[in-house]
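The values are calculated or read from the model by the stated rules, or taken from the named source; none is laboratory data. Keep in mind the model is a prediction, meaning the values are calculated, not measured. Neighbour counts run over all protein chains shown; Cβ positions are idealised from the backbone, glycine included.
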Amino acid sequence: MTLITSTENPIYKKIFQLKMKKNRDKMGKYIIEGPNLIAEALDNQGEIEVILRTPDFTMQEYDLKGRKIPVYTMESGLFGKLSDTETPQGVMAVVKKRIYSEQEFFLDQGSKSNIILLDRLQDPGNIGTILRTADAAGYLGAILMKGSGDIYSPKVVRSAAGSLFRLPVLILDTPAEALSLLRKYGKRILCTALKEAKIYYDADLRENTAIIIGNEGNGVCREFLEGADSRVKIPMEGTIESLNAAVSAGIFMYESVRQNFRQ
């Protein structure tokens, strides 16, 4: 067993680069950390390129036969420098990003499924939680608008809890492009709003629906507000104007689940 002990090691250097978004974008790869996420990647055809472990971490729980995935052992202190957590779990991997085409996103996943669209959301915890909830609610996938947080950042990857390997994500540049595609594939477009909006449980959220969740501070952009088929809101009591973006998204998505159960 060869032990990686130096920051000058080329494997260490290559993986260290992926801690920065610009390098993740350039290389088309990202880091996952912890035994659960690696198991999720292996179970859901995630393209793992390399696995790193500390000397005391055993690989017995993983079936790597026939996968041809290189496994390297790294000194614990050095591993800690790569880790994004205060208490490293002893194993991480480099995964190739899955890039979806329009065809793969809209047609291969089922034409009647719902979509969640994130309009410039920034908080990694919100983004990851929404992706995880969309996966659990049986949504077709998620669309992220340009200007949203990086879905491959460590915090989003952790919050999504493996859903990145199952839930297709499409990244689009402009609201006009998003609206055009949603209409092309017959989606009813609903956006969240505080004014001139119907209560969410009075809206039809059963199928062929795209729900737009706006930026944490500024809400949904004007183009989506004007281009949507309908606006929906969550009723509020007292002086509270709105809920956390991930909480709101969860309420809308599970209202669609509830409505489908009642059909």
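Please verify whether Arg188 is closer than 24 Å to Val257 by Cβ, at pLDDT below 95, out of contact with any His (no Cβ under 7 Å at 6 or more places or on another chain) and not hydrophobic (A, V, I, L, M, F, W, C), treating the condition exactly as stated. Step through it out loud before you land on a result.
Values: closer than 24 Å to Val257 by Cβ: yes; at pLDDT below 95: no; out of contact with any His (no Cβ under 7 Å at 6 or more places or on another chain): yes; not hydrophobic (A, V, I, L, M, F, W, C): yes.
Considered against the rule, which asks whether it is closer than 24 Å to Val257 by Cβ, at pLDDT below 95, out of contact with any His (no Cβ under 7 Å at 6 or more places or on another chain) and not hydrophobic (A, V, I, L, M, F, W, C), Arg188 comes out as no.
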Considering only residues that are part of a strand (DSSP E or B) and of a type outside the set (A, V, I, L, M), look in region 195-225 and name the one that is farthest from Asp135 (Cα to Cα). Lys198
Which condition does Thr133 not pass, out of (1) under 25 Å from Asn260 (Cβ atoms); (2) touching a strand residue (DSSP E or B) at 6+ places or on another chain (Cβ under 7 Å); (3) surrounded by 21 or more Cβ atoms within 10 Å (Cβ to Cβ), if it passes all the others? (2)
Picked from region 195-223 (must be in contact with a Lys or Arg (Cβ under 6 Å, 6 or more places away or on another chain) and among the hydrophobic types (A, V, I, L, M, F, W, C)), the residue nearest to Leu140 (Cα to Cα) is Ala210
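Residues in region 152-186 that are in a helix (DSSP H, G or I) and among the β-branched types (Val, Ile, Thr): how many?
Within region 152-186, the first condition is being in a helix (DSSP H, G or I), and the residues that meet it are 154-160, 163-165, 175-184.
Filter once more, keeping what is among the β-branched types (Val, Ile, Thr): 156-157.
Residues in region 152-186 being in a helix (DSSP H, G or I) and among the β-branched types (Val, Ile, Thr): 2 in total.
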Would you mind stating whether Arg158 is surrounded by fewer than 22 Cβ atoms within 10 Å (Cβ to Cβ) and closer than 23 Å to Asn23 by Cβ? yes
If I ask for residues that are within 21 Å of Glu216 (Cβ to Cβ), among the hydroxyl-bearing types (Ser, Thr, Tyr) and surrounded by 21 or more Cβ atoms within 10 Å (Cβ to Cβ), which ones from region 251-263 would you list? none
Wholly enclosed strands (runs of 3 or more DSSP E) of region 88-148 bearing at least 1 residues closer than 19 Å to Tyr30 by Cα: 91-96, 141-145
Can you tell me which residue in region 136-154 is surrounded by the fewest Cβ atoms within 10 Å (Cβ to Cβ), limited to those that are more than 23 Å from Phe224 (Cβ to Cβ) and in contact (Cβ under 8 Å) with a residue 60 or more places away in the chain? Gly138
Taking only region 52-87 into account, find how many residues are surrounded by 14 or more Cβ atoms within 10 Å (Cβ to Cβ), closer than 13 Å to Ile31 by Cβ and not aliphatic (A, V, I, L, M). 3
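Taking the condition of being in a helix (DSSP H, G or I) and surrounded by 14 or more Cβ atoms within 10 Å (Cβ to Cβ), how many residues in region 226-250 meet it? Can you show your working first?
Within region 226-250, the subset in a helix (DSSP H, G or I) is 226-227, 245-250.
Adding the requirement that they be surrounded by 14 or more Cβ atoms within 10 Å (Cβ to Cβ) leaves 227, 245-250.
Looking only at that region, the number is 7.
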